[in-house]
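First the structure, in the form of structure tokens, and then the observations on it.
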Amino acid sequence: MKKHLPAILTGAGLLILWQIIAMCINAAYILPSPTQIAVKIWELRDPLFTVHTPATMLVTLLGLLISVVLGVGLAVIMEKFETVERALYPVIVTTQTIPVTAIAPLFVLWLGYGIWSKVLVSVLITFFPITISLHDGLKSTKRENEELLRTMGMSSAAIFIKLKFPAALPSFFSAIKMAIPLSILGAAMGEWLGAQSGLGYFSKRMMTQLDGAGVFAPVVVLAVCAMLVVAVISAIERKLITWRKEI
Amino acid sequence: MPLVQFTDVTFGYKEDDYLLLENLSFAVQKNDIITVIGASGCGKSTLFRLMTCLEKEYKGSISINGKSPENASGTAAFMPQKDLLMPWRNILKNVTLPLEVLPISKSERIGIAKEALSKVGLSDCEKKRPSELSGGMRQRVSFARTLVQLWQGRELLLLDEPFSALDSLTRISMQDWLIGQVNDLNATVMMVTHDVEEAMLIGNKIFLLTGRPVKEISIIDVSGIKCRDDLYLPQSVKLKNQLVSAFLTENADKAERSGV
């Protein structure tokens, strides 16, 4: 608790400042106060938590799963085959220069208003940090470690399983922690551009009604969801990787 | 038949524009305990890299137990300069690592590793992580990891400056410990070292590498030196001074060659 005290105090200070400014402006459609947002979340709890949050979380989960499979696959292949690395690495970097918000409407055109257009936005944003971080992690093993295992008679596959993969786990967890907020952001962004449910869609609908607190309410829910999932992943990481500082 | 036979071996690293070894020939007989000394960068560790097939592009012939290094992968057990213990494995699992490529059951692997840890006096550290051990203890774990390979039929023990990263007091105690271990092993041992006293104390023969490229190896019999006290005998002191002087001359030549 003592460790988190500076962050809690800073957060509380900012909320108080926000409350004061909002009260001074006194126009909830421009800047709702934190208390107004909290009240709005409570009022809208039914649609927010039973319809829209599960819809966004489904897109996030699917996006994250596909990104992990794609990212891990690409990282492993690029680590194994230098030619593939030289061919794919610039392409992967180029995908990140594409303005997703600009092309996301195309995804709606191609895949419709269902969840897959949003999943695609989420994947496009999320797979990059997973691929690059894991690839760097796999590449980071020292040559002398690899050579020692070779003198023991280990094959390349055994070296991957016993050395490279465990050594890359800290990078993998860092990538996942980075990818979760991005995945949620991607899902919400997709929903904002065209959807029938989800927190992004809900936020946009509140916007058309000039309901400032209603716009913020799903944003707060999104942020809390991201923090909770990252906290769970961090707890798993702490349990699994007790040796991070020793490599 | 010698266990290791180099015949006219010529080798240089691709990235270097000079040769390290040129037409080098030597033999290591079974049960020899050889210490290899020479100036930094003269090619001592490269000999091990050639023997363990980590370097394959050389001219000449290398024979390990009558086979080429490519076909002799089960002959040498290698202990590197750094312990290279895996931080995500506990001590016991670090020692079982080389056994995991062998067709033996998990319980057998654990049994062998426990015996090796007992041999190096670390039975009570099985469940600890490498970070919980001192430098000397980590080196002993590294030795246990090498030892299990010898117990599984490898005949040649290659030690690449195993104590160079330790402080002087720990090194002295580890040297005395290693002498006991090596004498018990009944294996052929080659150990690279920078320390002349260590070379005299541990080896029965010293291979002195000089020149660049190394064209021949001077072989010095030190089988008369059995314990640390023998290092202070007049003939040992004389030999040590000769070796140190050879080292200094070599280093001066090397500095001249590199323009320092």
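The values are calculated or read from the model by the stated rules, or taken from the named source; none is laboratory data. This structure is a prediction, so every number in the text was calculated from the model and none was measured. A quick note on method: Cβ atoms are made from the backbone with ideal geometry, for glycine too, and the neighbour counts reach across all protein chains shown.
Here are some notes:
Every residue, every condition in (1) away from chain B (no Cβ under 14 Å); (2) in contact (Cβ under 8 Å) with a residue 40 or more places away in the chain; (3) of a type in the set (Phe, Trp, Tyr); (4) over 30 Å from A:LEU149 (Cα atoms), yes or no:
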{"position": "A:LYS177", "(1), (2), (3), (4)": "yes, yes, no, yes"}
{"position": "A:TRP192", "(1), (2), (3), (4)": "yes, no, yes, yes"}
{"position": "A:ALA195", "(1), (2), (3), (4)": "yes, yes, no, yes"}
{"position": "A:TYR201", "(1), (2), (3), (4)": "yes, yes, yes, yes"}
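- Test for B:LYS30: is it of a type in the set (Lys, Arg), assigned to a loop (DSSP other than H, G, I, E, B), touching a Pro at 6+ places or on another chain (Cβ under 9 Å) and away from chain A (no Cβ under 14 Å): yes
- Qualifying residue in segment A:35-54 (condition: farther than 24 Å from A:LEU199 by Cβ and either assigned by TED's automatic domain parsing to the domain that holds A:PHE202 or charged (D, E, K, R) (or both)): no
- Restricting attention to segment B:77-107, the residues that are of a type in the set (Phe, Trp, Tyr), under 15 Å from A:MET154 (Cβ atoms) and not in a strand (DSSP E or B) total 0.
- Unique match (being in contact with an Asp or Glu (Cβ under 9 Å, 6 or more places away or on another chain) and assigned to a helix (DSSP H, G or I)) among A:ILE77, A:ILE66, A:ILE92, A:ILE103: A:ILE77
- Any hit, segment B:169-184, residues being free of Cβ contacts under 8 Å to residues at least 40 places away in the same chain, of a type in the set (Gly, Ala, Ser) and more than 18 Å from B:PHE143 (Cβ to Cβ): no
- Residues of segment A:125-143 that turn out to be in contact with a Leu (Cβ under 6 Å, 6 or more places away or on another chain) and within 14 Å of another protein chain (Cβ to nearest Cβ), as a count: 1
- Among the conditions (1) more than 14 Å from chain A (Cβ to nearest Cβ); (2) surrounded by 14 or more Cβ atoms within 10 Å (Cβ to Cβ); (3) within 21 Å of B:ARG154 (Cβ to Cβ); (4) aliphatic (A, V, I, L, M), the only one that B:MET51 does not satisfy is (1).
- Single match in A:TRP18, A:TRP42 (criterion: in contact with a Pro (Cβ under 6 Å, 6 or more places away or on another chain), under 18 Å from A:VAL215 (Cα atoms), free of Cβ contacts under 8 Å to residues at least 60 places away in the same chain and not charged (D, E, K, R)): A:TRP18
- Restricted to helices (runs of 4 or more DSSP H) entirely inside segment A:149-229, those with at least 2 residues that are touching a Ser or Thr at 6+ places or on another chain (Cβ under 7 Å) and among the small types (Gly, Ala, Ser) are A:165-193.
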